[in-house]
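Please read the structure below before turning to the comments.
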Amino acid sequence: MGDRVGRDGTEPAGRAEDGSTGHTEVGPADSLEVWTVATFDLAAFSLIALLAGHLSGALAGALTGFGTVPGLAAFGYLWLLVVVAVRWVLSGGGIAAGDRGVGSLLIRGSLGGAGVGVGLVGGGVLVGSVFALVRGPELLATVAFVAVVGAVVGAVVGAGAGAASAVCNVAVARASERIAPGTGSDYSSSSSS
């Protein structure tokens with residue numbers, strides 16, 4: 001596992017061999033891997049959620065009156081949350097085979113997903129609180145109730161989505177390593193050889 005070498009004869013970025021123990025230490029995933037995984041995860045989750053909403057008929061009522069700017073802002077906020085969560089999940093190393101255990105990715109993926117769920121609810125609660133202050137302070141109790149229940153539901157749904165994403169990410173990484181062996185996390189080598 002520590003013997004993977006890039007096309008240019010050097011070890012891939014984020015990997016270094018500890019001379020005293022002979023073990024390969026893995027650093028955090030590089031920015032390209034974090035960005036790619038976060039984008040894949042968000043696109044897959046959004047597609048599944050939109051397809052489920054469309055098939056159930058819930059989308060028509062939910063999106064009535066929801067404009068483009070608020071939609072883009074919500075999507076951008078969710079994307080930011082996912083990028084931060086994926087950066088944290090991959091802080092112990094990339095997804096490529098040998099970089100880290102699947103169990104570690106599954107646990108950290110679940111925790112990262114739970115964080116995204118709570119963060120998404122938190123953003124909605126913040127917007128709802130501002131709306132409640134403008135419309136009527138008596139609505140703050142409702143917003144607080146939604147915050148508590150929503151945080152729990154968001155954490156559970158997010159943990160499930162994070163675990164599912166971790167499984168999919170590992171499967172895609174393993175498949176790509178079988179298709180193009182030896183190129184798993186070597187993004188630093190040039191293609192002009």
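Assorted remarks:
- No other residue among GLY94, GLY103, GLY65, GLY98 is surrounded by 15 or more Cβ atoms within 10 Å (Cβ to Cβ), out of contact with any helix residue (DSSP H, G or I) (no Cβ under 9 Å at 6 or more places or on another chain) and modelled with pLDDT under 90 apart from GLY98.
- Remark: pairs (first residue in region 46-69, in contact (Cβ under 8 Å) with a residue 12 or more places away in the chain; second residue in a helix (DSSP H, G or I); Cβ separation under 9 Å; 6+ apart in sequence or on different chains) = SER46/PHE75; SER46/LEU78.
- Residue check, SER56 open to solvent by 70 Å² or more (accessible area, probe 1.4 Å) and modelled with pLDDT of 85 or more: yes
The values are calculated or read from the model by the stated rules, or taken from the named source; none is laboratory data. Everything quoted here is computed from the prediction, not taken from an experiment. Ideal geometry is used to build each Cβ from the backbone, glycine not excepted, and the neighbour counts take in all protein chains shown. Each accessible area value is taken on the protein alone, full model and side chains, heavy atoms only, with ligands, DNA and RNA left out. Shrake-Rupley method; radii C 1.70, N 1.55, O 1.52, S 1.80 Å.
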